[in-house]
Each structure stands twice: as C-alpha cells, then as structure tokens.
Amino acid sequence: MTILITGGAGYIGSHTCVELLNNGETIIVVDNFSNSKPEALNRVQQITGKTFRIYDADLLDKKQLREIFLENEDIDAVIHFAGLKAVGESVAVPLSYYRNNINGTLVLCEVMQEFTVKNLVFSSSATVYGATDQVPITENSPLGSTNPYGRTKVMIEQILGDIAFADPDWSIASLRYFNPVGAHESGLIGEDPHGIPNNLMPFISQVAVGKREELHIFGREYNTRDGTGVRDYIHVVDLAKGHLKALEKVTAMKGMDAYNLGTGKGLSVLEMVMAFENAANKTIPFRFTEPRPGDVAVCYADPSKAGSQLGWQAERGPEAMCKDTWRWQRNNPSGYDRKTLTVYKEKTPRHEPVEFFNS
Ligand code: NAD
Ligand code: UD1
C-alpha cells in the first residue's frame, strides 16, 4: 500500500513511519516542521534502510496539497497526525489551534475527496473524554473536553463522522491515544519537546540527563494508591503498530469508528518515577507541588474494542517504556539538534520534492 502521512516527522508519526516501512509499505510524508525536525526523518531512513518522499508542506495550503496528490496517484490511505497538541498553549492561543487542527483536517479531507482517497486513520486523544473519573474508559463514555486542544479533537471526530455518513465510501478510524511514552529501541528517534516539557515522561528524562534540576509532582492527595495521579502510559512503538492494524481495518470496512489505544493499566506518578530510576540506574530528585488545574486523579483505557476489532494490544510495559526513553535521551541530550548521525543525501526521493538532507 501507499500511505500518505501528515505530521510524519513528529513523535508518533516518525515511529509509525518506521513500522510502516518495516512492513513493506510505501510512505509519503507531509510535514511543515512546525513542531519537528527533518533530522527525525533522516533517522527513520537510517533505522529502516529505506527511502521515501518527503514534502515540506503545510496542510492549510490546499494548492500544494493538491499538487502532492496529483504527483502521487497511487495513495491508498492517509494517516493524519498533523496538528498542534499543547493543552496550555491552546488555552492561550485558541484561534491558532482551531485554525491549524480544524482547517488542516478540512483541507485534507477535501483534497482526499477530490482524489477519491477515502481511507483515513486519524490521531485522536483520550482528551475527548474530558475530565471523567469513570474508569476504565470505554469508547462509549461521553465526549467533551475542557480546553481548546481537546475541543479540536472532539470537533474533528464529529466532522469525520458527518463525512462518513454523507458518503458511505469513506472509511475512517479515529484512534484515541492515552499517554504515549517511550522511544524506538534503536535510540535514534524519540520525543523531542520544545522548551520545558509539559508531560511527565520527557520531564523525568530531562531531570535524569541533568537538563532540569528536579521533577515537580503535581499533587499528593489524590484518591489513588499513593496519592499521585494515575495514567495509562503506552509505549510509542505499540501505538505505532496500532496504526498498521487500523489501516488493515479501514481498507476492509466502510464508515467511521473510534478505538482506544492504551494498555488498560494505570501507573501512578511515583510508580513511573521508580520505574525510570530502575531503568536508568539514576535517582530522580522530586518535590510535591500543588495539583495541576484540570488534572483528574485516574485515567486509563478499556482497550478491549481495539483488541477484538483491530486485533491489537499493547505489549510493552513500564520497563521498556523507561529503558527506551532513557536510551533516546542519553544518546540525544539535545534531541535532534545534535546531528551526529549519517544522512542519506544520495537516496533522496524520486521527484525530489524538497531538499533538506543537507546537514
Ligand atoms: P508532534 O507535534 O510531535 O507531531 C505533529 C507533527 O505535525 C509535527 O511534525 C508538526 O510539525 C506537524 N504539523 C503540525 N501542523 C501541521 C500542518 N498544518 N501542516 C503540516 N504539518 C503539521 O505530535 P505527536 O505527539 O507526534 O502527536 C501526533 C498526533 O497525535 C497529534 O495530532 C496529537 O494531537 C495526537 N496526540 C498526541 C498525544 C501525545 O501525547 N503525544 C496524545 C494524544 C493525541
Ligand atoms: C496531558 C494532557 C492531555 C493529553 C495527554 C497525553 C494536560 C492538562 N493534559 O495529560 O490533554 O491528552 O497529556 O499526552 O496537559 N505530572 C507531574 N509533573 C509533571 C508533569 C506531569 O506530576 O511535570 C503528572 C500529572 O499531574 C499527571 C501525570 O503526571 O498525573 C501525567 O501527566 P501528563 O504526562 O502531562 O499527561 P496527562 O495529565 O494525562
């Protein structure tokens, strides 16, 4: 199959590119690099030994997107990762989030419709369930969100449902990710947040590597095993593999459906800190601070629908999540900024859509 991947240079996208290439698929990446580096794609090529077309393009640019579809007549399906994802930022600049995430998806779907490419896998999020404390969370839990980022995901799911309803040729899987963590076991690709990480795992690993002094644990009086927040952390490689299963599904069925991608098991902040300390053989200094506004005590998935309908389940536990994160962080203390790895200039794609293999 030929799969177009929006946001393929990002954290989850790059890991999914690896799994797709290793599975023998042809991929085409479209990314504007607003939250990623081209180097991530060099590394994908390094891991897999395979090349692919890369377009430095913005989804909001319909003309350019049409050209990409014109140049690539053989696209069978699209995996749509591209979007802005920082909750706090979305509260500060909601218009940017609505414009980028909603308009980007509308433009993509319009172009897909025009070129009769109607198989889509969409990156949704557990954030669509809002601040529920009913666990485990099934796909039938009520939708709602507490911030503009989350609302873009809810709205996009509604839009995609309307598209699939209006035209029964569409086939759409919306994947609701729980808490993606970890990195590829090669240590070549991983999460590379800009500035101070918002999420727990990148913060812990930056403390471990000496970039940050101590972890602040948000709240110690939640009604949980040890008083700290519980989440469903899922290894990014398991998550990436879920996209291959979802692709099988969308190419075999019609309509739209949503699937939780999580492990079904909750881990507390303190349990995660301990798992990381063991994996990295490091002490993670921390102190307790006030709870973060908007946080719930416990959130974990019921992933049984993905198990029965996609044939997918998570395989990697906390040890692999922490070991792989640590390998990535230790090898790349400045993320992709330190270009120490081989690039594949001589193997750039056939039509040379963009020239940036130039480190
Ligand atoms: P990421 O920021 O690492 O990757 C997103 C990619 O999309 C980036 O490479 C960015 O440059 C690109 N992009 C953004 N807007 C674009 C546009 N208009 N045109 C072209 N490219 C654009 O994020 P990620 O963690 O890999 O997340 C991927 C998707 O999964 C996002 O939609 C995110 O909302 C969703 N998601 C992520 C998490 C998480 O914790 N990482 C959890 C749930 C859902
Ligand atoms: C965050 C997002 C959510 C997104 C999810 C997936 C917020 C408010 N929510 O949720 O929309 O879908 O990531 O990636 O940003 N913690 C600390 N110290 C830290 C960071 C986190 O104690 O420095 C705690 C949190 O309070 C929480 C747990 O660690 O209990 C996990 O936090 P985080 O990684 O930010 O994920 P979510 O809170 O699930």
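The values are calculated or read from the model by the stated rules, or taken from the named source; none is laboratory data. Remember, it's a predicted structure, so these values are computed and weren't measured experimentally. FYI the Cβ positions are ideal-geometry reconstructions off the backbone, even for glycines, and counts take in every protein chain you see. Surface areas here come from the heavy atoms of the whole protein model, side chains and all, with no ligands, DNA or RNA. Shrake-Rupley method; radii C 1.70, N 1.55, O 1.52, S 1.80 Å.
Please go through the range 25-58 and pick out each residue that is part of a strand (DSSP E or B) and either among the polar types (S, T, N, Q) or open to solvent by 40 Å² or more (accessible area, probe 1.4 Å) (or both). Break it down stepwise before answering.
Keep residues of the range 25-58 that are part of a strand (DSSP E or B), which gives 26-31, 53-56.
26, 56 - these are the residues of the range 25-58 that are part of a strand (DSSP E or B) and either among the polar types (S, T, N, Q) or open to solvent by 40 Å² or more (accessible area, probe 1.4 Å) (or both).
Run down 197, 180 and say which single residue is part of a loop (DSSP other than H, G, I, E, B), within 15 Å of ligand 2 (Cβ to nearest atom) and either at negative phi or touching a helix residue (DSSP H, G or I) at 6+ places or on another chain (Cβ under 6 Å) (or both).
Working: 180 fails: part of a loop (DSSP other than H, G, I, E, B).
After applying the criteria, what remains is 197.
In the range 129-145, what residues are touching a helix residue (DSSP H, G or I) at 6+ places or on another chain (Cβ under 8 Å) and within 14 Å of ligand 2 (Cβ to nearest atom)?
Restricting attention to the range 129-145, the residues satisfying the condition of being touching a helix residue (DSSP H, G or I) at 6+ places or on another chain (Cβ under 8 Å) are 130, 137-139, 141-145.
Within the range 129-145, 130, 137, 143, 144, 145 qualify.
Given the conditions (1) aromatic (Phe, Trp, Tyr); (2) under 23 Å from residue 280 (Cβ atoms); (3) out of contact with any Ser or Thr (no Cβ under 9 Å at 6 or more places or on another chain), and given that residue 233 satisfies all but one, which numbered condition is not satisfied?
(3)
For the range 266-276, does any single residue satisfy the condition of being within 22 Å of the chain's Cα centre (by Cα), modelled with pLDDT of 95 or more, part of a helix (DSSP H, G or I) and aromatic (Phe, Trp, Tyr)?
There is at least one residue in the range 266-276 that is within 22 Å of the chain's Cα centre (by Cα), modelled with pLDDT of 95 or more, part of a helix (DSSP H, G or I) and aromatic (Phe, Trp, Tyr).
For the range 297-312, how many residues meet the condition of being assigned to a loop (DSSP other than H, G, I, E, B) and surrounded by fewer than 17 Cβ atoms within 10 Å (Cβ to Cβ)?
Taking the range 297-312 as the starting set, the residues that turn out to be assigned to a loop (DSSP other than H, G, I, E, B) are 297, 300, 302-303, 311-312.
This time we only want the ones that are surrounded by fewer than 17 Cβ atoms within 10 Å (Cβ to Cβ), so: 311.
The number of residues fulfilling the criteria is 1.
Is it true that some residue in the range 130-147 is under 23 Å from residue 301 (Cα atoms) and part of a strand (DSSP E or B)?
Applying the first criterion (under 23 Å from residue 301 (Cα atoms)) to the range 130-147 yields 130-147.
Retained after the next criterion (residues that are part of a strand (DSSP E or B)): 137.
Among the residues of the range 130-147, at least one is under 23 Å from residue 301 (Cα atoms) and part of a strand (DSSP E or B), which makes the answer yes.
Take residue 121 and decide whether it is outside any strand (DSSP E or B) and more than 16 Å from ligand 2 (Cβ to nearest atom). Before the answer, list the steps.
Working: outside any strand (DSSP E or B): no; more than 16 Å from ligand 2 (Cβ to nearest atom): yes.
So residue 121 does not fit the description; no.
Return the only residue of 241, 249 being within 16 Å of ligand 1 (Cβ to nearest atom), open to solvent by 30 Å² or more (accessible area, probe 1.4 Å), modelled with pLDDT of 95 or more and under 23 Å from the mean Cα position of the chain (by Cα).
Details: 249 fails: within 16 Å of ligand 1 (Cβ to nearest atom).
Just a single option satisfies the conditions, and that option is 241.
Please determine whether any residue of the range 14-24 is in a helix (DSSP H, G or I), more than 25 Å from residue 190 (Cα to Cα) and either more than 16 Å from ligand 2 (Cβ to nearest atom) or within 17 Å of the chain's Cα centre (by Cα) (or both). Before you say what the answer is, go through the steps one by one.
Applying the first criterion (in a helix (DSSP H, G or I)) to the range 14-24 yields 14-22.
Pick out the ones that are also more than 25 Å from residue 190 (Cα to Cα) and you get none.
No, the range 14-24 contains no residue that is in a helix (DSSP H, G or I), more than 25 Å from residue 190 (Cα to Cα) and either more than 16 Å from ligand 2 (Cβ to nearest atom) or within 17 Å of the chain's Cα centre (by Cα) (or both).
Would you be able to tell me the number of residues in the range 201-228 that are in a loop (DSSP other than H, G, I, E, B) and either open to solvent by 40 Å² or more (accessible area, probe 1.4 Å) or touching a strand residue (DSSP E or B) at 6+ places or on another chain (Cβ under 7 Å) (or both)? Steps first, answer last, please.
Going residue by residue through the range 201-228, those that are in a loop (DSSP other than H, G, I, E, B) are 209-214, 219-228.
Now restrict to residues that are either open to solvent by 40 Å² or more (accessible area, probe 1.4 Å) or touching a strand residue (DSSP E or B) at 6+ places or on another chain (Cβ under 7 Å) (or both): 209-214, 220-226, 228.
Of the residues in that region, 14 qualify.
Answer yes or no as to whether residue 78 is under 19 Å from the mean Cα position of the chain (by Cα), under 21 Å from residue 244 (Cα atoms) and in a helix (DSSP H, G or I). Outline the logic, then answer.
Values: under 19 Å from the mean Cα position of the chain (by Cα): yes; under 21 Å from residue 244 (Cα atoms): yes; in a helix (DSSP H, G or I): no.
Here the answer is no, as residue 78 does not meet what is asked.
Kindly indicate which of 191, 213 is more than 12 Å from ligand 1 (Cβ to nearest atom) and closer than 30 Å to residue 328 by Cα.
Details: 191 fails: more than 12 Å from ligand 1 (Cβ to nearest atom).
So the residue among 191, 213 that is more than 12 Å from ligand 1 (Cβ to nearest atom) and closer than 30 Å to residue 328 by Cα is 213.
Residues checked against (1) over 26 Å from residue 304 (Cα atoms); (2) away from ligand 1 (no atom under 15 Å from the Cβ); (3) of a type in the set (S, T, N, Q):
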{"site": "98", "(1), (2), (3)": "yes, no, no"}
{"site": "104", "(1), (2), (3)": "yes, no, no"}
{"site": "111", "(1), (2), (3)": "yes, no, no"}
{"site": "115", "(1), (2), (3)": "yes, yes, no"}
{"site": "128", "(1), (2), (3)": "no, no, no"}
{"site": "140", "(1), (2), (3)": "no, yes, yes"}
{"site": "145", "(1), (2), (3)": "no, no, yes"}
{"site": "150", "(1), (2), (3)": "no, no, no"}
{"site": "153", "(1), (2), (3)": "no, no, no"}
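Across the range 59-92, what is the number of residues that are more than 16 Å from ligand 2 (Cβ to nearest atom), open to solvent by 10 Å² or more (accessible area, probe 1.4 Å) and under 25 Å from residue 199 (Cβ atoms)?
2
Test each condition in (1) touching a strand residue (DSSP E or B) at 6+ places or on another chain (Cβ under 7 Å); (2) within 9 Å of ligand 1 (Cβ to nearest atom); (3) of a type outside the set (Val, Ile, Thr); (4) under 21 Å from residue 180 (Cβ atoms) for residue 20 and report the one that comes out false.
(2)
List every residue pair whose Cβ atoms lie under 6 Å apart, where the two residues are 6 or more positions apart in sequence or sit on different chains, the first residue falls within the range 174-194 and is free of Cβ contacts under 8 Å to residues at least 40 places away in the same chain and open to solvent by 10 Å² or more (accessible area, probe 1.4 Å), and the second residue, located anywhere, is part of a strand (DSSP E or B) and among the hydroxyl-bearing types (Ser, Thr, Tyr).
Pairs that qualify, where the first residue is free of Cβ contacts under 8 Å to residues at least 40 places away in the same chain and open to solvent by 10 Å² or more (accessible area, probe 1.4 Å) and the partner is part of a strand (DSSP E or B) and among the hydroxyl-bearing types (Ser, Thr, Tyr): there are none.
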